[in-house]
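Accompanying notes for the structure given below.
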Amino acid sequence: MRVITTIIAIMGVWLIIGCSSQSISKPKFYDLVLTPANKTYNLGLDTLVVLPFTSHAIYQQRALLYAPQQSVVVLQTYYHHSWVANPGRLLQQQLIQYLRPLNVAKFVVDFRPTNVKFYTIQGQIQRFEQLKTPARKVVVALNLQVFNPSQQLVFSKAYQQTISQSQQDFDSMILAYQQAITAIYQQFVQDIQNSQFIGG
């Protein structure tokens, strides 16, 4: 009986040592740092409200997503790699930070103020994932809409950018995301500047 107990104890120690020797993946969290525009715009707006972006539930989780090499209709998650916030909130805050230095409005905020007329930007996430092909890419597809102070839709356009990663690591993936989102936001600002409804 003592021999069996001793053997079990030794096996338990070996098991503990074996588990502790294995590398344990630590969770990593990623933020976005967009390239600021090199010009300013004067749209004649006083207050501009940017709401959290909406999407299907799969795009509201914080885990980074990818489409397997053989399929672009199935999405999977990187369990130990996540955004610092869910994409809807992350893209909202990044758009606010991108717009504020551009002088598109006196105030760019993330809430609806009272007793003040304001324009509203609403965004919908259509795609926000990595394409896990041999030459890895990220794809970002957003639908951006602008509503006037009467909450009438005055602008709506779908944007999509697909950017190849320079390397296959996660840092290169995040850099590709930043380039895609910056390109979309830059084109969006240019489009609303050219719109006859803005500032009217």
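Please treat every number below as a calculation from the coordinates, not as lab data. Values in this document were obtained by computation on a predicted structure and should not be read as measured data. Here the Cβ is made from the backbone with ideal geometry for all residues, glycine too, and neighbour counts use every protein chain on show.
Model label points for GLN152 and ASN103, set 7 angstrom from Cα along the Cα-to-Cβ axis, are 2.9 nm apart. Annotation for TYR78 and ASN42: the two label points, set 7 Å from Cα along the Cα-Cβ direction, are 4.4 nm apart. Segment ALA135..ILE96, full-extension length gain: 10.8 nm, with 0.36 nm per residue of separation and the alpha-carbon distance subtracted. Of the trypsin sites (Lys or Arg not before Pro) found in the range 114-200, the ones in coil according to DSSP and having at most 12 other Cβ atoms within 10 Å of their Cβ are LYS117. When the chymotrypsin sites (Phe, Trp or Tyr not before Pro) in the range 97-200 are filtered for DSSP coil states and for at most 16 other beta-carbon atoms within 10 Å of their beta-carbon, the remaining sites are PHE111, PHE197. Put +1 on the Cβ of each Lys and Arg and -1 on the Cβ of each Asp and Glu in the range 32-194; which of ALA105, GLN130, GLN152 then has its Cα farthest toward the positive end of the dipole? Toward the positive end, the furthest listed residue is GLN152. Approximating the spin labels as points 7 Å out from Cα along Cα→Cβ, the SER164-to-VAL33 distance works out to 2.5 nm. Within the shell defined by Cβ-Cβ distances under 12 Å, the residues around ILE184 carry a net charge of +1, with Lys and Arg each +1 and Asp and Glu each -1.
Positive contributions from Lys and Arg (+1) and negative ones from Asp and Glu (-1), summed over other residues with Cβ under 11 Å from the Cβ of TRP83, come out at +2. Summing Lys, Arg as +1 and Asp, Glu as -1, what charge do residues with Cβ under 13 Å from the Cβ of ALA63 carry, ALA63 excluded? Local net charge: +1.
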